[in-house]
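A.B. asks: My questions all concern the structure below.
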Amino acid sequence: MKTKRIIVFSLGLLLVIPLFNGCRRGANDPWISFRSRNSRLSAVWSLESGYINILNNFEDQFVWNDATHCPNATGVDVHDYNDVKTYTYDFSNMLVSYDQKYTTTRDIVSVTTSTGTVNYNGHDWEDANTKSSSINYSLELTIKTNGTYRVFITYNVTEYKYPQLPDNAGNAQWGKTFSGTYEYVDDWHWLDDGLGSKSCVQFNGFPSLNVDIAARYKPDNTFDFNYINDITFTNQVTIFSIDQLANKNLTLISEADENGYYKQEDPSTGIDYYLPDGTKVSCIGTLTYTTSNTNKQHMEFTSDGKNVDQ
């Protein structure tokens, strides 16, 4: 009799397991869970580790139709350059290591500010836009089964090179601390990426950290140093694939690619352009540029396993 009970229980277990597997799982989801994906997703998630890699590529080419229209451009038929900008965010233990780099093929870069236009050589421009820093940073993501979520961010960093106004004695003053909180509330919903229902989640606005970099130049317009000028956040619709959804662990992955192309061919239109020596000319020709942008995110969260709807 006891043997029969064991057999019946084993058969019952075999019938139950496919039902659990029928719930759509991420690649690293637990094999068996007694909680639905809705219930497991509903929690207060704290960002523990991860990274964001962003690549922006801009290629520009201007071909003069007739050099006689550009007396200062005699002998120059084509002007082109390629700018590449990369951002890297490395999250670990409530800290984000931020790295921004520029490379360019341009000899002269024209920078327009409130005080006018200044031309810099390409190397100085790269230096002015290259920055590495570490920011105290925490991100808390609260998700509810009613389709709402909240992102709460705290940040703190001291930029010791930030230039301040001189004191009353005329002594140079330096340093500024950027700190604060950022909160965003919106709606979310499940998506199907072809792997099965509830395999992706869309947030209608997920905050992105923006570190604004400013440069200080010497009186001869050569590069001196750069510094953090501001920290802001922007929100954009983001779709994450769920690589793992366990009771206390959540891994979100996202990859987005955007490409653009523009070509202007109008012989009656003069285009203001800068020659390699910094001279500004208005020329008639064809302007073509292409852009490509890639954004990869991998974010790992932990929670106490408690459903916030309870």
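A.B. asks: Could you grab the pairs with beta carbons closer than 6 Å, sequence gap of 6+ or different chains, first residue in the range 292-310 and of a type in the set (S, T, N, Q), second one assigned to a loop (DSSP other than H, G, I, E, B) and surrounded by 19 or more Cβ atoms within 10 Å (Cβ to Cβ)?
C.D. replies: As it stands, the answer is ASN307/SER42, since those pairs meet every condition given.
A.B. asks: Looking only at the range 128-161, count how many residues are basic (Lys, Arg) and closer than 21 Å to MET94 by Cα.
C.D. replies: 2
A.B. asks: Would you confirm whether or not the range 101-115 contains a residue that is surrounded by 17 or more Cβ atoms within 10 Å (Cβ to Cβ), part of a strand (DSSP E or B) and out of contact with any helix residue (DSSP H, G or I) (no Cβ under 9 Å at 6 or more places or on another chain)?
C.D. replies: no
A.B. asks: So which residues in the range 238-256 are within 22 Å of the chain's Cα centre (by Cα) and either closer than 22 Å to LEU209 by Cα or surrounded by 21 or more Cβ atoms within 10 Å (Cβ to Cβ) (or both), if there are any at all?
C.D. replies: THR238, ILE239, PHE240, SER241, ILE242, LEU250, THR251, LEU252, ILE253, SER254, GLU255, ALA256
A.B. asks: Of everything in the range 151-171, what is without any contact (Cβ under 8 Å) to a residue 60 or more places away in the chain and over 19 Å from THR232 (Cβ atoms)? Give them in sequence order.
C.D. replies: Across the range 151-171, the qualifying residues are TYR160, GLN164, LEU165, PRO166, ASP167, ASN168, ALA169, GLY170, ASN171.
A.B. asks: In addition: Looking at the range 131-190, which of its residues are farther than 25 Å from THR302 by Cα and not in a strand (DSSP E or B)?
C.D. replies: Result: LEU165, PRO166, ASP167, ASN168, ALA169, GLY170, ASN171, ALA172.
A.B. asks: Test of understanding: among ASN221, ASN247, which residue is more than 30 Å from ASP127 (Cβ to Cβ), assigned to a loop (DSSP other than H, G, I, E, B), in contact (Cβ under 8 Å) with a residue 40 or more places away in the chain and not hydrophobic (A, V, I, L, M, F, W, C)?
C.D. replies: ASN247
A.B. asks: Can you confirm whether THR232 is modelled with pLDDT of 95 or more and buried (at least 17 other Cβ atoms within 10 Å of the Cβ)?
C.D. replies: no
A.B. asks: Would you tally the residues in the range 119-139 being small (Gly, Ala, Ser) and touching a residue at least 40 places away in the same chain (Cβ under 8 Å)?
C.D. replies: Of the residues in that region, 3 qualify.
A.B. asks: Now for a separate question. Tell me yes or no: at least one residue of the range 139-147 is surrounded by 12 or more Cβ atoms within 10 Å (Cβ to Cβ), within 16 Å of ASP212 (Cα to Cα) and not aromatic (Phe, Trp, Tyr).
C.D. replies: no
A.B. asks: Moving to a separate point now. Restricting the range 198-218 to residues that are among the β-branched types (Val, Ile, Thr) and closer than 30 Å to ASN121 by Cβ, which is surrounded by the most Cβ atoms within 10 Å (Cβ to Cβ)?
C.D. replies: VAL211
A.B. asks: Pick from the range 78-124 the residues that are within 24 Å of the chain's Cα centre (by Cα) and among the acidic types (Asp, Glu): which of them is farthest from ASN295 (Cα to Cα)?
C.D. replies: ASP83
A.B. asks: Considering only the range 98-141, state which residues are aliphatic (A, V, I, L, M) and under 30 Å from SER49 (Cβ atoms).
C.D. replies: Scanning the range 98-141 gives ILE135, LEU139, LEU141.
The values are calculated or read from the model by the stated rules, or taken from the named source; none is laboratory data. Remember, it's a predicted structure, so these values are computed and weren't measured experimentally. Neighbour counts run over all protein chains shown; Cβ positions are idealised from the backbone, glycine included.
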